[in-house]
1. Taking PRO284 as meeting all but one of (1) at pLDDT 90 or above; (2) farther than 19 Å from ALA241 by Cβ, write down the number of the exception.
2. Yes or no: ILE306 outside any helix (DSSP H, G or I), surrounded by 18 or more Cβ atoms within 10 Å (Cβ to Cβ) and out of contact with any Gly (no Cβ under 7 Å at 6 or more places or on another chain)?
3. Among the residues of the stretch 167-214, count how many are touching a Phe, Trp or Tyr at 6+ places or on another chain (Cβ under 7 Å), in a loop (DSSP other than H, G, I, E, B) and at pLDDT 95 or above.
4. If CYS121 passes every condition in (1) outside any helix (DSSP H, G or I); (2) farther than 22 Å from ALA31 by Cα; (3) within 18 Å of the chain's Cα centre (by Cα) but one, which one does it miss?
5. Between ALA140, ALA119, which is surrounded by 19 or more Cβ atoms within 10 Å (Cβ to Cβ), under 17 Å from ALA209 (Cβ atoms) and not β-branched (Val, Ile, Thr)?
6. State all residues of the stretch 16-45 that are surrounded by 20 or more Cβ atoms within 10 Å (Cβ to Cβ) and under 21 Å from the mean Cα position of the chain (by Cα); if no residue qualifies, say none.
7. Within the stretch 66-78, which residues are within 27 Å of GLU126 (Cβ to Cβ) and surrounded by fewer than 21 Cβ atoms within 10 Å (Cβ to Cβ)?
8. Return yes or no: is PHE51 closer than 22 Å to ARG217 by Cβ and either in the same structural domain as CYS121 (by TED's automatic domain parsing) or surrounded by fewer than 18 Cβ atoms within 10 Å (Cβ to Cβ) (or both)?
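The values are calculated or read from the model by the stated rules, or taken from the named source; none is laboratory data. Please read these numbers as outputs of a predicted model, since none were measured by experiment. Cβ: placed from backbone, ideal geometry, glycine included. Neighbour counts: every protein chain shown.
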Amino acid sequence: MKKTNTKKISVIIPAYNAEPYIEKCLNSLIAQTEPNFEAIIIDDGSADNTFEICKKYAAQDARFKVIKQSNGGVSAARNSGLDIAGGEFITFVDSDDYVAPDYLQVLLQGYSGGEFDIAMCGYVLELDKSGELYRVTGNAEELTQTEILNRMFVPLNRSWGGFLVNKLFKAEIIKKNHIRLNPEYKLFEDIVFNYEYIKSVKRGSYTPAPAYYYVTRKNSAVCTSEATVSNANKWLNSLKAFDFVMEDAKDTYPQFCKILSIMKVMFSATALRIAAKSGLKATPRYKELRRYIIKNLGSFLASKNIRLKKKIGCILTLIMPKTAFKLWAEGS
């Protein structure tokens, strides 16, 4: 006889103009093998039929709740979900993604092997037009706090990633430490949230089952092919999230800071390509990030976790950023 889970999971789903794909996301939650959950959908001021679609699901299934608020960005939407979440566990699902039928079960089972404070699982990266790009699996592991941090942002081994999805958090840790997302960061806000959370844990688990489907789209928040002033400023300003974390972690987690500094070089190069193409080369922030890349270029080029394509892209960005944008816009 299957043991019934008595601890509810709160699934927080921020949604903005998600009409084309939100039904696939919500249907994947309805199909869950773990039934004890609540799905909290925060409509962040959508101008399409997202809210009406979500209301239909809420009317048909009592586990679904939908709230409409003025547009404040994905962080504000997630924070609204956290404010009303009633589950012992919290997970995040993006409205343009979807999950395997055993997603919640896989994450919950990650807590069954010991005294863990976070459970993570594998995932599949999909391109919306061409299908699966890669999947992250590996081996089941039990990890210390430092191991989780040091491997979270290493891109080459593609472990559990620094994003909020594919993870199950304890609500009591979030509440006790007043952890929220910072709406100031339009990108990389998940880095700060994860860091603040993991500072408060001792051990975690990783299950290799690729139960989360992460779908990248051309109009996503991390779009690297949109050369507009708005997108450029979003990239330039959001990199301050790295500075915040590195300043806080420099004494306690030095290896983690070294990894983050290398990642900041990589993402700074992306930001500079977009900014140069958008006509922002003369801005102080552009010059500041360019100096950062030059200062840390040696460590970046020496890293075994960075692909050769990324290294070439970074060097070309320093020399001919607009040309680099044309070559790397779709995959930077």
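1. Unmet for PRO284, out of (1) at pLDDT 90 or above; (2) farther than 19 Å from ALA241 by Cβ: (2).
2. Judged against the criteria, ILE306 is a match.
3. Of the residues in the stretch 167-214, 2 are touching a Phe, Trp or Tyr at 6+ places or on another chain (Cβ under 7 Å), in a loop (DSSP other than H, G, I, E, B) and at pLDDT 95 or above.
4. Answer for CYS121: the failing condition is (2).
5. ALA119
6. TYR16, ALA18, ILE22, CYS25, LEU26, LEU29, ALA39, ILE40, ILE41, ILE42, ASP43, ASP44
7. ASN71, GLY73, ALA76
8. Against the criterion (closer than 22 Å to ARG217 by Cβ and either in the same structural domain as CYS121 (by TED's automatic domain parsing) or surrounded by fewer than 18 Cβ atoms within 10 Å (Cβ to Cβ) (or both)), PHE51 qualifies.
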